[in-house]
Amino acid sequence: MDGPRIGEQVRTCLVVDDSSVVRKIARRILEELNFQIIEAENGERALDACRRAMPTAVLLDWNMPVMDGHEFLLHLRRLPGGDLPKVVFCTTENNVDHISRALEAGADEYIMKPFDKAIIAAKFHEVGLIAAAMPA
Amino acid sequence: MNASDYEYLRKLFRDHSGLDLSADKQYLIESRLLPLARKCGLSSIDDLLQKMKGGSSRHIAQAVEAMTTNETFFFRDKAPFDHFRDTMIPELLKARAGRKTIRIWCAAGSTGQEPYSLAICLKEMSAQLAGWRTEILATDLSQDVLEKSKAGIYSQFEVQRGLPIQLLLKYFKQNGELWQINAEIRAMVQHRQLNLLHDFSQLGTFDVIFCRNVLIYFDQDTKINVFNRLARSLEGDGFLVLGAAETVVGLTDVFKPCAEKRGLYRPTGARAAVAPMAAAAMPRMAAIGGR
């Protein structure tokens, strides 16, 4: 798959999920959408990554050990420059209550697992991260 | 499926729905008709073909439905809905200030994602539309599809393709893994079964016609015929919206593309002599596929 072209700004996506399988699937899809991937297995690791360098986007699981996705997001939005990344939740929590709490905490979009490439592309398009919603 | 069966089905789909399958679409037929055969309690496509060839109008109608049902999602392609909100409605607010009505037709309404996306757009603009009467008519060839549209119930997968999360929260009610669009939005859309090959002049004239991703399956003569009749059902200053891969260019001069607005067309005022395909060419068939 094509990487970022010369002269094109490198766009990074931080994939936060405690399941290495989910991170691997998300990595494959997002690399096809021309993102450079950083992985983190919980909210605390993700926050460390953001302190080092703010990513363009964050794909964020909810339930994780150490620090969950919701708490991570509250911390992220208070960091300097922490308002910039587009944050898309990606979780099995699929009820109205969780979705509302995510949006209140500053999430830009919300994916209910299971997901596929079409859903990720549609949601990333929705928040302006990629130009076209569907590859074809 | 042998070659003569394939030819039989190609001709049948062409005559009933205008669906124009090229010679290499065997896999498409198989992937659509096998589930139908099972649903009808038959073990194979051959058994289904036997029923169809024996003249079972029920099996023929169901096969046509199975072939013409398309995948669709909310706010598909996004741009047409931006044009709807930013160009079409503002222009119509000026042009129709006298009678304060706007009529919209989704000519391939399918399972409802497109008409309901338009209804949500109108709802979001309700401040500007106060005192106006808006009407959305969704038609489709398939009765099954219309029933799904009327119910307005979608899977978790379906509501995640194209629908912003805020709009999901605002206009849908969750029921387990399913999401139903609110009664208020459902009530904004009227449903009616219609075959575009048949006469549709009785529907009256519209200000906006969405006819996306349905004519791509039709042969050239059918496309021209439908375009020419759509022009008669559209107000002189109305809008026609086609799918991203579709165009009128080279087919008819009754519509012209809008500069810089892909998929958007305006009537030119040119008139072509037209008769519905089905009424002229196949009066008997019309009784099967029609309403």
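For B:GLN180, the conditions (1) more than 14 Å from chain A (Cβ to nearest Cβ); (2) within 20 Å of B:ASP144 (Cα to Cα) are fulfilled apart from (1). For region B:197-207, the count of residues that are charged (D, E, K, R) and out of contact with any helix residue (DSSP H, G or I) (no Cβ under 9 Å at 6 or more places or on another chain) is zero. Test B:ARG212 against the stated conditions and say whether it is assigned by TED's automatic domain parsing to the domain that holds B:LEU122, open to solvent by 60 Å² or more (accessible area, probe 1.4 Å) and under 13 Å from the mean Cα position of the chain (by Cα). Taking the combined requirement at face value, the residue does not satisfy it. Entry remark, region B:109-151: residues being in contact with a Ser or Thr (Cβ under 9 Å, 6 or more places away or on another chain), acidic (Asp, Glu) and modelled with pLDDT under 95 number 2 in total. Restricting the search to strands (runs of 3 or more DSSP E) fully inside region B:110-220 and requiring at least 1 residues that are free of Cβ contacts under 8 Å to residues at least 60 places away in the same chain and over 23 Å from B:LYS94 (Cα atoms) gives B:133-140, B:153-155, B:172-175, B:178-181, B:189-193. The number of residues in region A:100-129 that are more than 14 Å from the chain's Cα centre (by Cα) and more than 22 Å from B:GLY176 (Cβ to Cβ) comes to 3.
Taking first residues from region B:78-90 that are in contact (Cβ under 8 Å) with a residue 24 or more places away in the chain and partners that are part of a helix (DSSP H, G or I), the Cβ contacts under 7 Å between residues at least 6 apart in sequence or on separate chains come to B:PHE81/B:SER117; B:PHE81/B:CYS121; B:PHE84/B:LEU118; B:PHE84/B:CYS121; B:ARG85/B:CYS121. Checking each residue in region B:1-19 for being assigned to a loop (DSSP other than H, G, I, E, B) and surrounded by 11 or more Cβ atoms within 10 Å (Cβ to Cβ) picks out B:MET1, B:GLY18. Considering region A:19-136, the qualifying helices (runs of 4 or more DSSP H), each wholly inside and each with 2 or more residues that are surrounded by fewer than 22 Cβ atoms within 10 Å (Cβ to Cβ) and either in contact with a His (Cβ under 7 Å, 6 or more places away or on another chain) or within 14 Å of another protein chain (Cβ to nearest Cβ) (or both), run over A:96-104, A:117-126.
Scanning region B:143-157 for residues that are touching a strand residue (DSSP E or B) at 6+ places or on another chain (Cβ under 8 Å) and within 14 Å of chain A (Cβ to nearest Cβ) gives B:TYR154, B:SER155, B:GLN156. What are the residues in region B:158-177 that are more than 10 Å from chain A (Cβ to nearest Cβ) and open to solvent by 40 Å² or more (accessible area, probe 1.4 Å), if any? Selection gives B:GLU158, B:LYS170, B:ASN175. When region B:221-257 is filtered for residues that are among the hydrophobic types (A, V, I, L, M, F, W, C) and either in contact with a His (Cβ under 8 Å, 6 or more places away or on another chain) or part of a strand (DSSP E or B) (or both), the ones remaining, listed by number, are B:LEU234, B:PHE239, B:LEU240, B:VAL241, B:PHE255.
Residue-wise test of (1) open to solvent by 30 Å² or more (accessible area, probe 1.4 Å); (2) outside any helix (DSSP H, G or I).
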site: B:LEU21; (1), (2): no, yes
site: B:TYR27; (1), (2): yes, no
site: B:SER31; (1), (2): yes, no
site: B:GLN50; (1), (2): yes, no
site: B:ILE60; (1), (2): no, no
site: B:ALA66; (1), (2): no, no
site: B:ASP82; (1), (2): yes, no
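Of all residues in region B:45-61, those being farther than 17 Å from B:PRO35 by Cβ and in contact with a Phe, Trp or Tyr (Cβ under 9 Å, 6 or more places away or on another chain) number 1.
The values are calculated or read from the model by the stated rules, or taken from the named source; none is laboratory data. The shown structure was predicted, so the numbers you read here are calculated from the model rather than taken from an experiment. Every residue, glycine among them, receives a Cβ derived from its backbone with ideal geometry; neighbour counts consider all protein chains shown. Heads up: the accessible areas ignore ligands, DNA and RNA and are worked out on the full protein's heavy atoms, side chains in. Shrake-Rupley method; radii C 1.70, N 1.55, O 1.52, S 1.80 Å.
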